[in-house]
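Q: Dumping the structure here so I can ask a few things about it.
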Amino acid sequence: MIFTLLTSLIIAWGAIACIYMLRRAWTRFPRRDLDDIVHFLYPVDLELAQALLDPALEFESSWKLSRQEFRRVQRRRMRLYLEIVRRMSHNSKVLVEFGNAEIHRGDADSVEMARTLEQRAVEVRLYAVLTLWKLRFWMWASPSDLIRRPIPRPKMGSLRRAGDLDGIQTYDALKSAAAAAFAHRQPGELDTLTRNL
């Protein structure tokens, strides 16, 4: 009796979990209208990103500040760069959607620009995924004020590159490709696009 009841509960729980996962997968991707795509982008400050990744500034801070203060400043810089990379990743997903819509529209000029846009967006996404993994690991494993772990101090300058991809240059190339593709589609909103990217 108990075994049958337990089996029924496990099956019901599995069915509910499957329904929940399907619903989450279905509603996870918003249906964006091409006219509103600009408003789904998050602004990325590339100058701030360059400042956070500057090895000279990091070296200067390590000499001027005490160990505990430097760790605190370093964690703050990591959190800021983590947010910048998250925004890069989000924007690349939105622009892939835009590129797909342009390809399905079928105009010969826009198809070539959309493919270039998608390629740049995939490069940014790859950089973002690799960098997010590295940043999250560093934030987990870097020494805090209370716990000392035997891991070398992370260097923010090494986050500029992930594999063969330079994050700042790759995102800048994505911005240029988006501006070219968007100017062809909706020239009136080009200023809003460049401001939001």
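The values are calculated or read from the model by the stated rules, or taken from the named source; none is laboratory data. In this text the structure is predicted, and so the values were computed from the model without any measurement. Cβ sites come from the backbone with ideal geometry, for glycine too, and all protein chains shown count toward neighbours.
Q: Within segment 59-97, work out how many residues are free of Cβ contacts under 8 Å to residues at least 24 places away in the same chain, of a type in the set (Asp, Glu) and under 30 Å from residue 175 (Cα atoms).
A: The number of residues fulfilling the criteria is 1.
Q: Can I ask one more? Does residue 69 satisfy the criteria of being surrounded by fewer than 14 Cβ atoms within 10 Å (Cβ to Cβ), among the charged types (D, E, K, R) and out of contact with any Asp or Glu (no Cβ under 9 Å at 6 or more places or on another chain)?
A: Spelling it out, residue 69 is indeed surrounded by fewer than 14 Cβ atoms within 10 Å (Cβ to Cβ), among the charged types (D, E, K, R) and out of contact with any Asp or Glu (no Cβ under 9 Å at 6 or more places or on another chain).
Q: Can you tell me which condition residue 48 does not meet? The list is (1) of a type in the set (A, V, I, L, M, F, W, C); (2) surrounded by fewer than 19 Cβ atoms within 10 Å (Cβ to Cβ); (3) not in a helix (DSSP H, G or I), and all the others hold.
A: Here residue 48 clears every test but (3).
Q: Filter segment 51-75 down to the residues that are within 30 Å of residue 181 (Cβ to Cβ) and assigned to a helix (DSSP H, G or I) and list them by number.
A: 51, 52 - these are the residues of segment 51-75 that are within 30 Å of residue 181 (Cβ to Cβ) and assigned to a helix (DSSP H, G or I).
Q: Further, regarding this structure: Enumerate the pairs (first residue in segment 111-125 and in the same structural domain as residue 89 (by TED's automatic domain parsing); second residue anywhere and among the aromatic types (Phe, Trp, Tyr) and surrounded by 21 or more Cβ atoms within 10 Å (Cβ to Cβ)) with beta-carbon separation below 6 Å, excluding pairs fewer than 6 apart on the same chain, so at least 6 apart or on different chains.
A: So the pair list comes out as 124/171.
Q: Which one is surrounded by the fewest Cβ atoms within 10 Å (Cβ to Cβ), of the residues in segment 93-148 that are at pLDDT below 85 and β-branched (Val, Ile, Thr)?
A: This residue is 147.
Q: Considering segment 51-66 alone, what residues qualify as being in contact with a helix residue (DSSP H, G or I) (Cβ under 8 Å, 6 or more places away or on another chain), hydrophobic (A, V, I, L, M, F, W, C) and either within 22 Å of residue 136 (Cβ to Cβ) or surrounded by fewer than 14 Cβ atoms within 10 Å (Cβ to Cβ) (or both)?
A: Once the filter is applied, which keeps residues that are in contact with a helix residue (DSSP H, G or I) (Cβ under 8 Å, 6 or more places away or on another chain), hydrophobic (A, V, I, L, M, F, W, C) and either within 22 Å of residue 136 (Cβ to Cβ) or surrounded by fewer than 14 Cβ atoms within 10 Å (Cβ to Cβ) (or both), segment 51-66 yields 51, 52, 53.
Q: Confirm whether residue 129 is of a type in the set (A, V, I, L, M), in contact (Cβ under 8 Å) with a residue 24 or more places away in the chain and in contact with a Ser or Thr (Cβ under 6 Å, 6 or more places away or on another chain).
A: So residue 129 does not fit the description; no.
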